[in-house]
Structure formats: C-alpha cells, structure tokens
Amino acid sequence: MMNNLFKRGLLVAGCLLITTGCWDQRLFKDAQLVLSVGMDTTENGQINTTTSVPYIEKGEQGPGKESIQIVSAVANTPRETRTKIDQKIPNRIDPSKMKVLVLGSTLAEQKIYPVLDVFYREPKSNLNAMLAVAEGSAEGIISMKAKDVPRVSEYISGLLEGAEDSSIIPEQNIQLVCAEIFDPGQDFLLPLLDINEEEALIYLKGVAIFNDQVYTGESLTPDEGTLYQLMSGKKGEMARMTKQISEDREPKILNYITVDVIDVNSQINIEVSEDQAITVNLDTNLEVRAVEYPKDQLSSNKEIKKLNEALTKSLTEQANEIIKKLQEANSDPLGIGRRMIAFHHDTWKTMDWKDIYPTITFNPKVKVKVIQHGIIE
C-alpha cells in the first residue's frame, strides 16, 4: 500500500516539474483595451491614429462609473502611433477587443493595405472588427459624443450591424477585405459614415466604392446599396424599399409603395463573342410583400399587375444607374473579373481587366412580383 502511494507521489511530482503553467497569460490589469480606432493622414503624409479608451472607476460597491478618453497620436507609421499612444495612457493598448476601424476619406483615397498591415501582423488584433470609411476625418467620428451613448464603438458597430441586417451594406471586416484587396478579379465596397452636426449623430451616408484598394470618392446611396445587395444575390434579415410608382396622384403619398423583399434570386451570365466583346446579363428576380400602399386596391389582380410592371421598370432603371456608377469608378465588386478568370480564362489572359471593365456591356434586369398584400384586402 505504502509502495503504491510512493509511486503515485513520484508521478505527481514529475508532472509538476514538466508543467509550464500559464506562461503566455495576459492579465487584464496590465492592458488597456481599445474598442474603436480611427486613422487619418496629415497634410505632410503622416498617420494620425485616434482611439477611444474606456476606464472604469472603482466603486465602493460593485462596478464603478465608466468614462471614455479619446487619445490621438501622429507618427510616420500606424505602429509608431501606437507607441506614442502607449506613452499617454497607464497601460499598453490592446486591440484584441477592437470592434470597429474607421478610415478617413483622404487616407482611404490612398492604398489602404499599408495602414491595415499592422493589424494582420499583430497576433492580438481582432480581425473581425468592422471596417468603415468616414466622409471627412475618422478622428471626428471616433471623437463624436452622442447623447446617452457613452461608447462610440457600440454606437458605430450597432449602426453597421443594423445596416447589414437591413441589406444596405455588404458584410465586411478587416479579415474579409484582405482577400479582396489582393484579388485581381474583384473589388469591394465599405460603409460610408458621416456626422449630422445639428442632431449630434453619426449616420450611414452610403456605401463607399473602391477601385483596387483605393477609395474612388464615389458612393452608392443607402437605397442603391440595398438594390446592389439584392443584385449580388445577398439579403440580410430584411430588405425594404420605398419606390415611386406614379406621379399624378394627390396627396403625394399615394404615388409611393413600400415593399419587403421575401425572396431574391440573382443570376450573372457572361457572354464573350468571337471578337472578345464581353456582355454581362444580370437577372434579379424579387418576390415582395407590400407593407405600405395608401392607395390600396391590392385585392385587384389588375392593380397587382400594374404594380409589378411599375416596380420592375423602376428597379431596372435604378440597377442601370448603379452599374453606371460602378463602371465610371472602375470598380468591380460584383466579381465579374473573378468569373472571367474561372470560366473564360483564355480571354482573361489576353486583356488588362482595369482597361476593359469600364467598356463592357451590362444588361441588368430586375423583375418584381408582389406575392403578399398585407392583412388589408
């Protein structure tokens, strides 16, 4: 019996000797979490990084009051700005819980990978952090103090998550955009944020259009963003659109209808002729539910047919405007080039896609079918 206990004791002692323990632990008390970051470029080409740093004051009983400090630093590189910010706060900044990264428009009009490089090389970076562009300076967005919203990170991330759920912006983050930056056959879009000074609010202005990894200065409106998402075959939890379907009714509210998209089916077909001319047929079929139609009469098949035709015409015209914007910006977020690489590789190898893309022919068609009328008949 004693011999067995002795052997067990030796085994336990041996295990303790080879156990390393938590050698790589990071204590919360030694780090300062950064929840949102904004990056701008200065007039002389340096980087200005702005961070929102939360502090929790110790309370006598339970958690204390939270305060937010905005800390900025200017340096030659993003990593150097981090070092300078570390010199202004009690602990070293920790980006592992970062929720949102905002790029100023002037910075985004340059190649954005050089400023994202630090996040890809830092093991602690949260690559799921949402990515957006500011109309103006990112510092203004991060420094914004909205009423009853202490954390700007929650404000912006909530705003963007809501826009994703509403099918206004594509799902995008630091990780996802990396693949598209280096993809020769596809560009990307990012949400565009701005500030309403009168209401002291941050709002979604639209969707920023990128050519390669450079912001073109052009954007889609939120309304166009929803249709673009549907054209690309993507739909969030909901997709709602209000469209004008007539002009002569009084009061004016009778000229509009609001619909929720129930189902979307989008097909992209590329045709390459013998003389290498490229035609893209983009067919989008929508099944929708009427959620607001003051004129009523939706129990009439004749009225439904008129609505289907009016919505089809209106959305097809808007689809053409969206494609025109994308081609003028030389941006291919639909990944037509990616399909050329996959299905027409011999043709792809003979061309410079960035020279050819603005000249190819698009035939976008949006067909709408109202299948639910609401509870009023």
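Does Y228 count as under 25 Å from the mean Cα position of the chain (by Cα) and in a helix (DSSP H, G or I)? The answer is yes for Y228. Taking the criterion of being within 18 Å of G225 (Cα to Cα) and touching a Phe, Trp or Tyr at 6+ places or on another chain (Cβ under 8 Å), the only residue of segment 146-166 that qualifies is L159.
So, I356, is that one in a helix (DSSP H, G or I) and either farther than 17 Å from N285 by Cβ or among the β-branched types (V, I, T) (or both) or not?
For I356, the condition - in a helix (DSSP H, G or I) and either farther than 17 Å from N285 by Cβ or among the β-branched types (V, I, T) (or both) - is met.
Looking across segment 101-123, the residues that are in contact (Cβ under 8 Å) with a residue 40 or more places away in the chain, open to solvent by 30 Å² or more (accessible area, probe 1.4 Å) and in a loop (DSSP other than H, G, I, E, B) come down to E109, Q110, K111. Mind checking whether some residue in segment 153-163 is open to solvent by 20 Å² or more (accessible area, probe 1.4 Å), at negative phi, of a type outside the set (V, I, T) and in a loop (DSSP other than H, G, I, E, B)? Scanning segment 153-163, I find no residue that is open to solvent by 20 Å² or more (accessible area, probe 1.4 Å), at negative phi, of a type outside the set (V, I, T) and in a loop (DSSP other than H, G, I, E, B), so the answer is no. Looking across segment 235-251 at every residue that is at pLDDT 95 or above and open to solvent by 90 Å² or more (accessible area, probe 1.4 Å), the one that is farthest from the chain's Cα centre (by Cα) is identified as R240.
Just one of the listed residues (T279, T284, T361) is open to solvent by less than 30 Å² (accessible area, probe 1.4 Å), over 19 Å from E180 (Cβ atoms) and touching a strand residue (DSSP E or B) at 6+ places or on another chain (Cβ under 8 Å), namely T284. Within segment 68-84, being among the β-branched types (V, I, T) and farther than 17 Å from Q32 by Cβ holds for V74, T77.
The values are calculated or read from the model by the stated rules, or taken from the named source; none is laboratory data. Worth saying up front: this structure is predicted, and the values here are computed from it rather than measured. For neighbour counting, all protein chains shown are included, and Cβ atoms are generated from backbone atoms with ideal geometry for every residue, glycine included. Remember, those area values only see protein heavy atoms, side chains included, never the ligands or the DNA or RNA. Shrake-Rupley method; radii C 1.70, N 1.55, O 1.52, S 1.80 Å.
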